[in-house]
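Report on one structure; see the data block that follows.
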Amino acid sequence: MDNRLREIEDLTSQTLDPNFWNDPKRAEGIQRKIGLNKKWVDEYNDLAREIDDLEGLYEFQKEGMASEAEVDAQYARAADILADAEFRSTLNQKEDPMNAVLTINAGAGGTEACDWSAMLLRMYTMWAEKSGFKVVELFEQEGDAAGIKSASIEIRGDYAYGWLKGENGVHRLVRVSPFNAQGKRQTSFSSVFVYPLVEDDSIEVVIKPDDIEMDVFRASGAGGQHVNRTESAVRLRHLPSGVVVECQAERSQHQNRDRAMQMLKSRLYEIELRKRQEEKDKIEAGKSKIEWGSQIRSYVLDDRWVKDLRTGYKVHNPDAVLDGDLDGFLKAYLMWQSNPVPVEEE
């Protein structure tokens, strides 16, 4: 808290400069940092007050001026706030407060996999909206018969990436397929990829113009009246890394190119973060490591359960999960991440 208070004081002094708003983007970034730090301080002070109230109530109870039930209720309230604070303290990386870009790609399995990808897109969209985040559709490629082959959305809000960073990997669905006339049980796979959207000038990603190959094409799927009329959608390919990003969210080709460049810089930044994490994992050889793109969660609809294969967290209400009830999984991963323990598969 001392560090956060010092940072608030330092940043606030910068806002008093008469030239502060000459660079609006930098000014907005500073104000956002002040707001985030103040939120942490306010939550800390709320917790301190609840604990003080608990201690006072406990003293009253010993004097016969308060009941044991009142002490128990205040203890439960303080414990809940403390548990939430401990969870939020795991969101301590530089990139955690950033907006997130989430991309879903259907795996092998044709129509079934495309339908599963559409279900995942709906799940994450519903979670984001319920959590107070704003969702912006960036790109969508429809499946041949149903669902989607791939899609990207931007999730805007404080700590969007920090919340979702554990969702990277392969998601497995087991169900009686509605696309199979025999009603057979089928397994489908889709991959989810989440990366932080870099908008902070303090993070510099250099891309050489000669390293980029650009394609333009007509947009498809949702997106307004301009969709399918002009070749406004943009695909950028970064040749050294092989990273490909696509955007059709804006009305003009120029706007989509600018947005795609931001997405590309963010992907390359995330790749660098991953390299650093892999180096850290090599050093901390005693801890288990999640291989990038490995299967992370199973959704078994006919047996009525969803389980995270890393943390062991499991629920028996898949309908609620697919309707965006993901907080339990997200919190379990973030707490587990600080001390990963292998979990046996079922």
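The values are calculated or read from the model by the stated rules, or taken from the named source; none is laboratory data. In this text, all values refer to a predicted model and were calculated from it rather than measured experimentally. As a convention, Cβ positions derive from the backbone with ideal geometry for all residues, glycine included, and neighbour counts pool all protein chains shown.
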*State whether one or more residues within segment 193-209 are touching a strand residue (DSSP E or B) at 6+ places or on another chain (Cβ under 8 Å) and free of Cβ contacts under 8 Å to residues at least 12 places away in the same chain.*
no
*If the Cβ limit is 7 Å and pairs must be 6+ apart or interchain, which residue in segment 307-319 that is free of Cβ contacts under 8 Å to residues at least 40 places away in the same chain pairs with which residue that is among the polar types (S, T, N, Q) and assigned to a strand (DSSP E or B)?*
Lys307/Ser298; Leu309/Gln295; Leu309/Ser298
*For segment 119-127, state whether one or more residues are surrounded by fewer than 21 Cβ atoms within 10 Å (Cβ to Cβ), at pLDDT 95 or above and in contact with a strand residue (DSSP E or B) (Cβ under 7 Å, 6 or more places away or on another chain).*
yes
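Residue by residue, here is whether (1) of a type in the set (D, E, K, R); (2) closer than 25 Å to Met335 by Cα holds:
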{"site": "Asp80", "(1), (2)": "yes, yes"}
{"site": "Asp84", "(1), (2)": "yes, yes"}
{"site": "Lys94", "(1), (2)": "yes, yes"}
{"site": "Glu112", "(1), (2)": "yes, no"}
{"site": "Ala118", "(1), (2)": "no, no"}
{"site": "Ala128", "(1), (2)": "no, yes"}
{"site": "Val135", "(1), (2)": "no, no"}
{"site": "Ala146", "(1), (2)": "no, no"}
{"site": "Lys165", "(1), (2)": "yes, yes"}
_Cβ-Cβ under 9 Å pairs, at least 6 apart or on other chains, segment 1-29 side among the basic types (Lys, Arg), far side surrounded by fewer than 14 Cβ atoms within 10 Å (Cβ to Cβ) and at pLDDT below 90_ = Lys25/Asp201; Arg26/Asp201
_Quick test of your reading of the structure: Asn105 fulfils all but one of (1) surrounded by 13 or more Cβ atoms within 10 Å (Cβ to Cβ); (2) in the same structural domain as Arg6 (by TED's automatic domain parsing). Name the failing condition by number._
(2)
*asked:* Which of the numbered conditions does Glu50 fail, given that it passes all the others? Conditions: (1) under 27 Å from Trp163 (Cα atoms); (2) surrounded by fewer than 13 Cβ atoms within 10 Å (Cβ to Cβ).
replied: (2)
*For Ala260, indicate whether it is at pLDDT 70 or above, in the same structural domain as Asp302 (by TED's automatic domain parsing), in contact with a Cys (Cβ under 6 Å, 6 or more places away or on another chain) and not in a strand (DSSP E or B).*
yes
*Evaluate segment 230-243: report whether one residue or more is acidic (Asp, Glu) and either buried (at least 17 other Cβ atoms within 10 Å of the Cβ) or modelled with pLDDT under 85 (or both).*
yes
*Would you confirm whether any residue within segment 277-296 is modelled with pLDDT of 90 or more, surrounded by 12 or more Cβ atoms within 10 Å (Cβ to Cβ) and not acidic (Asp, Glu)?*
yes
*Taking into account only those residues within segment 209-222 that are in contact with a helix residue (DSSP H, G or I) (Cβ under 8 Å, 6 or more places away or on another chain) and either assigned to a loop (DSSP other than H, G, I, E, B) or within 22 Å of Glu142 (Cα to Cα) (or both), which is modelled with the highest pLDDT?*
Met214
*Can you find a residue in segment 25-39 that is modelled with pLDDT of 90 or more, part of a helix (DSSP H, G or I) and over 25 Å from Val198 (Cβ atoms)?*
no
*Determine which single condition Leu164 fails, assuming it passes every other condition in (1) under 19 Å from Ala106 (Cβ atoms); (2) within 20 Å of the chain's Cα centre (by Cα).*
(1)
*Residue check for Gln93: within 22 Å of the chain's Cα centre (by Cα), outside the structural domain of Leu197 (by TED's automatic domain parsing) and of a type outside the set (Asp, Glu)*: yes
*When residues of segment 1-60 are limited to those that are among the β-branched types (Val, Ile, Thr) and closer than 22 Å to Phe87 by Cβ, the one farthest from the chain's Cα centre (by Cα)*: Ile51
